[in-house]
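Below is one structure, written out as structure tokens, with a few remarks after it.
The values are calculated or read from the model by the stated rules, or taken from the named source; none is laboratory data. Note that this is a predicted model, so its numbers are computed, not measured. Heads up, the Cβs are rebuilt from the backbone with ideal geometry, glycines too, and the neighbour counts pull from every protein chain shown. We work out accessible area using only protein heavy atoms, side chains counted, and drop any ligands, DNA or RNA first. Shrake-Rupley method; radii C 1.70, N 1.55, O 1.52, S 1.80 Å.
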Amino acid sequence: MSVNRSNYEKIIGELTPSKTTLVAVSKIKPLSDIQTLYELGQKDFGENYVQELIEKAEALPTDIRWHFIGHLQSNKVKYIAPFVHLIQGVDSEKLLAEINKQGKKNNRIINCLLQVHIAQEETKFGFDADEVSALVNKITSGGSVFDNVNICGLMGMASFSDDMQKVKSEFETLSELYKTLQSSIPSFNTLSMGMSGDYELAVECGSNMVRIGSLLFGARL
Ligand SMILES: *Cc1c(COP(=O)(O)O)cnc(C)c1O
């Protein structure tokens, strides 16, 4: 029993007025923790690893909305395509094309967020702002057609830093980009940014979806 119920209630209370969606990040955490939070009313859960997601989805209630938030390899899309609710880390056109192909095979339209690289760190996956704008232009002008993909918005991760001014400016940059692109893609309705350490700031900067793990489930050791 490592679910922090009082943190959960506090976070839900903070997010409800702005209708911000909470994705509970349950990677590495046991089924029983997910079940506990589910019974408190939580329906959106995020996972980073394909195999782990498949096993959990098979074992847990079917009305859970599973978000894939990790780095997704093209050759693994087929395993999650039948049921995934939102793929948050789309970081290449090649991956988008594969998601589209698997969406068609499964006769469904798969929701995706384009991941934008906003932090300074080298290791983070994602498009930079120019690349994501170019891709959106290509799609809206009919240069690439993805009928089985619904691009709902953007996802980003700020620097892991105590410098909240820096984190804030990264969130603001992503939020501006989101608003700009929203004017050309009307299906844009989701800006996913904010984690345990910075979600309040992210919401202030315009986020409407936060991905929170350790505050809910404890630290991942
Ligand atoms: C692990 C993870 C989170 C949750 O991180 P916490 O700091 O535990 O809240 C959020 N987003 C992504 C992409 C992650 O990989």
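Applying 1/(1 + (r/R0)^6) with R0 = 25 Å to the Cβ-Cβ distance of Glu121 and Gln165, what FRET efficiency is obtained, to the nearest 0.05? Before the final figure, lay out each step's value.
Working: r = 17 Å, r/R0 = 0.67.
With a Förster radius of 25 Å, E is 0.90.
I'd like the GluC sites (Glu not before Pro) in segment 121-219 restricted to DSSP loop residues with at most 14 other Cβ atoms within 10 Å, sorted by number.
Numbers: sites: Glu121, Glu122, Glu131, Glu170, Glu172, Glu176, Glu200, Glu204; in loops: Glu121, Glu122.
Of the GluC sites (Glu not before Pro), the ones in loops of segment 121-219 whose Cβ has at most 14 other Cβ atoms within 10 Å are Glu121, Glu122.
Within segment 63-103, name every residue whose backbone N is under 18 Å away from a label modeled 7 Å from Cα of Val145 along the Cβ vector.
Answer for segment 63-103: 96-103.
Would you work out what percent of the accessible area of segment 5-217, with all protein chains in place, is carbon or sulfur (probe 1.4 Å)? It would help to have the intermediate numbers written out before the result.
On the way: 4850 of 9750 Å².
Carbon-and-sulfur percentage of accessible area, whole number: 50.
Arrange the residues Ser196, Ser159, Ser169 by how much accessible surface each exposes, largest first, with a 1.4 angstrom probe. Walk me through the numbers on the way to the answer.
Working: Ser196 30, Ser159 5, Ser169 60 Å².
Putting Ser196, Ser159, Ser169 in descending order of accessible area: Ser169, Ser196, Ser159.
What is the ratio of the Cα radius of gyration of the chain to 2.2 N^0.38 Å, where N is its residue count, to two decimals?
Against the compact-globule rule of thumb, the ratio is 0.98.
For Ile12, tell me the accessible area in Å² from a 1.4 Å probe, rounded to the nearest 10.
For Ile12, solvent-accessible area is about 60 Å².
Any idea of the accessible area per residue across segment 5-217, 1.4 Å probe, to the nearest Å²?
46
Starting from the Cα-Cα distance between Asn4 and Ala134, subtract it from 0.36 nm times their residue separation and give me the gain in nm to one decimal.
42.6 nm is the gain from fully extending Asn4 to Ala134.
In the Gaussian network model of the chain, springs joining C-alpha atoms below 10 Å, which of Leu60, Leu86, Leu177 carries the largest mean-square fluctuation?
Leu60
Could you calculate the contour length gain from Ser74 to Glu172, that is, 0.36 nm times the residue separation minus the distance between their Cα atoms, to one decimal place in nm?
Numbers: separation 98, 0.36 × 98 = 35.28 nm, distance 3.03 nm.
Taking 0.36 nm per residue and subtracting the Cα distance, the gain is 32.3 nm.
Enter the Cα centre distance for the pair segment 1-64 and segment 155-210, rounded to the nearest angstrom.
21
Work out which trypsin sites (Lys or Arg not before Pro) in the chain are exposed loop sites (DSSP not H, G, I, E or B, at most 10 other Cβ within 10 Å) and give the longest gap free of them.
The segment 20-219 is the longest one with no such site.
So which of Lys43/Lys76; Lys56/Lys78; Lys56/Lys168; Lys19/Lys179 end up more than 27 Å apart, counting from Cα to Cα?
Lys56/Lys168
Take the Cβ-Cβ distance between Leu60 and Ile28 as r, set R0 to 22 Å, and report the resulting FRET efficiency rounded to the nearest 0.05.
0.90
Please list Ser192, Ser133 from largest to smallest accessible area, probe radius 1.4 Å, with all protein chains kept in place.
Ser133, Ser192
To the nearest 0.05, how large is the calculated FRET efficiency for Glu52 and Lys94 if R₀ is 41 Å and r is the Cβ-Cβ distance?
0.95
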